[in-house]
Amino acid sequence: MLKLIGGKLVDFWTRATHEVRSTSRKRARMIMSGGEEMAAWGTGCRARRLRGIESGRPAGSGALLLLLLFIAIFPRSTCAVESDSLTSNPSPVRFGEILILRKDVFNPSVPGLDRFPFRILNKLHVVTKDNVIREQLLIRDGDIFDQSLLDESERVLRRLSFIGAASAVALDEKDGSRRVVVETQDQWSTNLELEIDRFKDSDEGDTRDENGFEVTLSEDNFLGWGKKIRFRARHEFSETQLGYLYEDPNLLDTRWIMKGAFQDRSRGKEWEGLILRPFYSLGTRWSLGWQSVFEAEENLVFRDGIEEAVFFQEIRNDEIFVGRMFGPRYRRKVLLRVSAAHRDQSFSDLASPDGQAEMPDFIPPASLLPEGERGPSLMSSLRFGSFRFKEERRLDNFIRVEDVELGGFIGVEAGRIATNRSRWRLGAQAAWGGSWGTGRYYSLFGQLISHRRRDRWIETELSSALQAYAHLGGWNTLAGRIALDRGWKMLPGDEFFLGENNGLRGFPARSSAGPNRLLLNVEDRLFSDLVLYTVAIGGALFVDGGAVWEDGTGISWNDLDAGAGFGLRFGLTKSRSSPVIRIDLARNLTNGSYRFSVISGHIFALLRPFREFTLRQEDR
């Protein structure tokens with residue numbers, strides 16, 4: 001009996017749906033005998049209005065009523081009507097031809113750039129290849145038009161260090177599509193950088209080298225293919241470093257990144273290999289990769305910026321990772337990441353730098369290094385975020401458009417390190433960027449990482465920062481930062497530093513070190529309209545303050561060291577990433593001395609929450 005009833009129902013449903021399909025193919029609406037119309041019915045559509053039902057078509061009416069019941073239970077969001085006499089939803093507008101216009105570094109139509117040496121430099125420079133630009137775009141011809149994808153494609157192009165300006169404009173075509181014109185201008189991608197640090201203080205007992213220096217020669221757009229090659233030489237604290245790097249941001253014309261780096265130091269060596277498919281846009285769903293790092297070197301332990309102890313360490317870490325991002329492009333997003341690694345780490349005993357047998361007095365027995373560890377680890381992280389973007393100028397750069405990242409995220413991570421020093425690793429991160437008016441922005445960042453072993457918390461580190469920017473009108477931008485870093489039961493060599501290259505101008509580089517650090521910076525940045533050929537000229541007034549302290553000692557305002565001064569700013573508007581060179585003269589407010597420094601880059605830069613959202617902890 002049940003089989004008979006079931007068979008009848010299936011037979012009735014088959015006949016009814018077949019009649020509905022046949023009727024909708026012949027005509028999309030039914031005309032009643034008096035000329036009165038019914039609303040159109042289409043597959044998957046709700047009835048908009050019924051003006052009458054002819055009782056002379058019982059089978060068709062029954063099928064329609066059954067279809068009404070089905071639609072009420074399983075409604076759909078789109079309506080397709082197959083009729084020439086009925087107005088249907090217009091076809092979506094699509095991207096048409098994508099035209100790439102590439103400009104050289106120096107535009108000869110600009111007064112002053114149509115002469116020597118700019119014409120020769122243009123001939124020496126290889127313009128970025130068409131397919132390199134095209135591969136960065138988030139659109140393809142034939143895709144449904146979406147202005148937000150154009151805007152984000154501009155941001156992706158501006159992230160490239162060898163692209164100075166980028167725009168993507170959609171133009172209407174006669175066939176209803178949108179032709180896209182992408183215009184880019186190259187930056188001079190061959191750079192020679194020099195940084196000089198003075199370490200020696202006025203104290204006669206300070207035996208450090210008077211000067212340290214770093215020279216970097218790099219090419220970020222080798223032969224126009226977007227490949228990066230870099231050579232770096234550095235000397236500090238009687239140590240010489242030579243570094244080499246090759247990076248391909250579009251391996252085989254894909255979104256994959258390949259990176260190889262090697263450093264040869266007088267105290268050891270280091271190499272790194274990376275293959276990665278990153279979260280390159282808001283709509284990227286997957287990220288995965290492999291990374292291998294090897295380090296073998298002597299590590300120094302500092303006290304008041306002076307070498308007090310040394311130990312040798314050897315580390316080999318191999319890791320694979322995968323990430324998945326969920327959520328709409330411009331709404332709340334969820335990022336889940338899982339990684340597996342194998343670590344092999346060994347340490348020597350601590351010793352004095354001069355080879356004496358006795359340990360320095362200031363290092364307590366509890367801080368002795370472990371014997372090392374070997375084994376696997378498994379980590380996972382979960383983050384929730386929401387982001388938007390706004391274009392600005394004259395926050396960190398003179399001319400280059402800066403994409404301010406607003407919104408933020410919170411996240412947690414947990415994992416098991418199953419080595420001979422087995423322990424749990426737990427962490428939390430949060431970042432937020434906002435605005436409190438036109439040209440006024442703030443950002444916050446916080447991170448806490450800790451390890452749990454044998455019911456004890458060890459190797460715990462807190463990092464936090466608050467930044468604020470405000471356009472004061474005209475040339476002036478006021479920028480400030482407060483940063484707090486704290487460490488509990490950290491290993492020797494993991495100290496925080498203060499000095500002219502660590503946020504405190506007027507003091508020697510690495511003038512002090514400790515497990516806890518407080519740093520305050522306020523700058524009035526002057527971005528003038530004066531441009532000498534390609535170099536923008538500005539200045540800055542600044543006040544810095546900071547302190548480091550040991551655990552259990554506490555801190556007061558009297559412990560803060562402070563420096564103040566002024567400096568010149570030179571914006572290299574046509575160089576890679578448009579860097580700012582700062583030349584500062586700072587007065588040490590503690591002892592009244594003066595220090596002069598030349599360094600590339602601002603002492604701090606705008607925080608980017610979306611970048612922090614997509615970064616792995618190991619990439620920070």
*What list of ³J(HN,Hα) couplings, whole Hz, do you get for the stretch 227-234 from phi and the Karplus terms 6.51, -1.76, 1.60, once you set θ to phi - 60° and write x for glycine and proline?*
7, 10, 10, 9, 10, 9, 10, 9
*So what J values fall out for the stretch 516-530 if you push phi through Karplus, 6.51 cos²θ - 1.76 cosθ + 1.60 with θ = phi - 60°, rounded to Hz, Gly and Pro as x?*
9, 8, 10, 9, 10, 9, 9, 10, 9, 8, 10, 9, 7, 8, 7
*For the stretch 481-564, with every protein chain kept in place, what is the accessible area per residue (1.4 Å probe, Å²)?*
40
*Run the 1.4 Å probe and let me know the accessible area of ILE410, rounded to the nearest 10 Å².*
110
*If ligands, DNA and RNA are left out, what is the accessible area of ARG155 with a 1.4 Å probe, given in Å² to the nearest 10?*
30
*Calculate what fraction, in whole %, of the accessible area of the stretch 465-620 sits on carbon and sulfur atoms when a 1.4 Å probe is rolled over the protein chains.*
61
*Considering only protein heavy atoms, what per residue accessible area in square angstrom results for the stretch 570-620 with a 1.4 angstrom probe?*
43
_Accessible area of the stretch 377-457 belonging to carbon and sulfur atoms, whole % at 1.4 Å probe_ = 58
*Interchain or long-range residues, amide H under 5 Å from PHE496's placed H*: GLY514, ASN516
_Solvent exposure ordering (accessible area, 1.4 Å, most first) of ASP396, ASP559_ = ASP559, ASP396
*Given Cα pairs under 8 Å that are at least 6 residues apart, what percent is the relative contact order of the stretch 134-181?*
26
*With a 1.4 Å probe and all protein chains in place, put ARG102, ARG178 in order of accessible area, largest first.*
ARG102, ARG178
*Taking a probe of 1.4 angstrom, what is the accessible area of GLU272 in Å², to the nearest 10?*
40
*Taking only the C-alpha atoms, wrap a convex hull around the stretch 435-570 and report its volume per residue in Å³ as a whole number.*
149
*Based on the Cα coordinates of the stretch 365-469, what is the per residue volume of their convex hull in Å³?*
162
_Most to least packed among 180-191, 108-119, 375-386 [average Cβ atoms within 10 Å]_ = 180-191, 375-386, 108-119
_For the pair SER148/SER348, report the inter-label distance in nm, with labels modelled 7 Å from Cα in the Cβ direction._
5.7
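Ordering PHE542, PHE222, PHE294 by accessible area with a probe of 1.4 Å, largest first, what comes out?
From most accessible down to least: PHE222, PHE294, PHE542.
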*What ³J(HN,Hα) values, in whole Hz, does the Karplus curve 6.51 cos²θ - 1.76 cosθ + 1.60 give for the stretch 566-580 when θ = phi - 60°, with x put for Gly and Pro?*
9, x, 9, 10, 10, x, 7, 5, 10, 9, 3, 6, 6, x, 10
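The values are calculated or read from the model by the stated rules, or taken from the named source; none is laboratory data. Bear in mind the structure is a predicted one, so any value in this text is a computation, not a measurement. Note that each Cβ is placed from the backbone with ideal geometry, even for glycine, and that neighbours are counted across all protein chains shown. These accessible areas exclude ligands, DNA and RNA; they are computed on the full protein's heavy atoms, side chains included. Shrake-Rupley method; radii C 1.70, N 1.55, O 1.52, S 1.80 Å.
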